[in-house]
Every structure is written in C-alpha cells, then in structure tokens.
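Engineer: The structure's right below; bear with me while I get my questions together.
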Amino acid sequence: MLGVIRAYVRVVDKVSDYVGYLAAALIFVMGATLLLDAVTRNVLNIPVHWAIEFTQFTLAAYYFMGGPITMKNNEHVRMDLWYANLSDRGKAKLDLVTVWCMIFYLGVMLVGSISSLQYAIQTNEKRFSMWNPSVIPIKALLTVCLVLMLLQAFALVFKHIATIRGERL
C-alpha cells in the first residue's frame, strides 16, 4: 500500500509541476497580447477589441493553473506567528488539520464549478462584449484545476502523515 501512495504522490506532484510551468508560460502570452494591443491601438490606430478580454481570461487561467504547484511547493500564504516555532512534526500535525479545511473548501468550490460549467454548456454562455467569447473553456479549466488541487491536497495529507510518522514520501 505504501508503494501505491508513493506513486500517487509522485504522479500528482509531476502533474502539478507540469501545469505550473505551463501557467508560468502564460505570462509571456499575456505580455505579447498587451504589447500587440498597445502597438495596434497607438501606432497603427487599429484597436484590437479582444486583447484586453483575452488577457483577463489568460490571467484567470494563470491563477487556476498556479494553485496546484503553489500547494506542492508550500509557497502559499500562512499566518506564521506560531507555525515557524514548531518542529517538523508539529508543523505536519497543524498542516494536517488545515489541509482538511482546504479539502472541504475545494470540494465546495468544485461542486459550484461543475454546476456553473453545466449551465454554461446548456446555455452556450457567452461574455457580453464586443468580442463575445464563450466562457465554457475557462469554466472547464477552472473545474479541471480544482480537481488537480484536490488531488494535490490529498497528496499533502499523505506527506503530512508520513512526516508525523517520521517517514519520507
């Protein structure tokens, strides 16, 4: 059973890394899009109406996709008043409690995102703007990223339990 858990943690960590690096590349996509918008609007006097909205969607994707790797690398924001003074086992015990709160929160978010995605698909929901893009892709990405964050949260549970036991995953 321990081998299965190690394999699970390793696979989820690798997927989180891959998705996180892909998210990091989106910064260049956003920069290029905004540069294109600036040049076409100010130099060529031809406004590109979709550029700002596309950048907003890309930024949302960046946030969604960056969640799992942030969790994996333990780079999220936390109140460090007492936490920094705890031993590794003490930190793992506290993290084990808080990760279940996060799992509950992510579960609620996942239920909401699935409902929102179903509605978007049924109604062919579009954003009301000049570009009028479909919101289905970004809602689908949110749902997939929430699933990956849940998988990463369970990997964290296994890591914390291993730390408490004095083992390493």
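The values are calculated or read from the model by the stated rules, or taken from the named source; none is laboratory data. Note that the coordinates shown come from a computational prediction; the quantities given were computed from them, not determined experimentally. Cβ: placed from backbone, ideal geometry, glycine included. Neighbour counts: every protein chain shown.
Engineer: Output the qualifying pairs, or none if there are none: Cβ atoms under 8 angstrom, residues six or more apart or on different chains, first residue in region 112-134 and within 14 Å of Phe57 (Cβ to Cβ) and at pLDDT 95 or above, second residue assigned to a loop (DSSP other than H, G, I, E, B) and of a type outside the set (Ser, Thr, Tyr).
Structural biologist: Note: pairs meeting the criteria are Ala120/Val135.
Engineer: Hey, another quick one. Give just the number: which of (1) among the hydrophobic types (A, V, I, L, M, F, W, C); (2) surrounded by 14 or more Cβ atoms within 10 Å (Cβ to Cβ); (3) in a helix (DSSP H, G or I) does Val48 not satisfy?
Structural biologist: Exception for Val48: condition (3).
Engineer: Taking Gln56 as the residue in question, decide whether it is of a type in the set (S, T, N, Q), loosely packed, with under 15 Cβ neighbours inside 10 Å, modelled with pLDDT of 95 or more and assigned to a helix (DSSP H, G or I).
Structural biologist: No: the conditions fail for Gln56.
Engineer: Would you be able to say whether some residue in region 115-131 is touching a Leu at 6+ places or on another chain (Cβ under 6 Å) and surrounded by 15 or more Cβ atoms within 10 Å (Cβ to Cβ)?
Structural biologist: No: zero hits.
Engineer: Only one of these conditions is not met by Ser129: (1) over 27 Å from Asp13 (Cα atoms); (2) assigned to a helix (DSSP H, G or I); (3) among the polar types (S, T, N, Q); (4) more than 22 Å from the chain's Cα centre (by Cα). Which number is it?
Structural biologist: In the conditions (1) over 27 Å from Asp13 (Cα atoms); (2) assigned to a helix (DSSP H, G or I); (3) among the polar types (S, T, N, Q); (4) more than 22 Å from the chain's Cα centre (by Cα), Ser129 misses (2) alone.
Engineer: Okay, next question. Considering region 10-50 alone, what residues qualify as being in contact (Cβ under 8 Å) with a residue 60 or more places away in the chain and under 17 Å from the mean Cα position of the chain (by Cα)?
Structural biologist: Listed by number, the residues that qualify are Val12, Asp13, Val15, Ser16, Val19.
Engineer: Oh, and also: Among the residues in region 77-94, are any modelled with pLDDT under 90, in a helix (DSSP H, G or I) and surrounded by 12 or more Cβ atoms within 10 Å (Cβ to Cβ)?
Structural biologist: The answer is yes; a qualifying residue exists.
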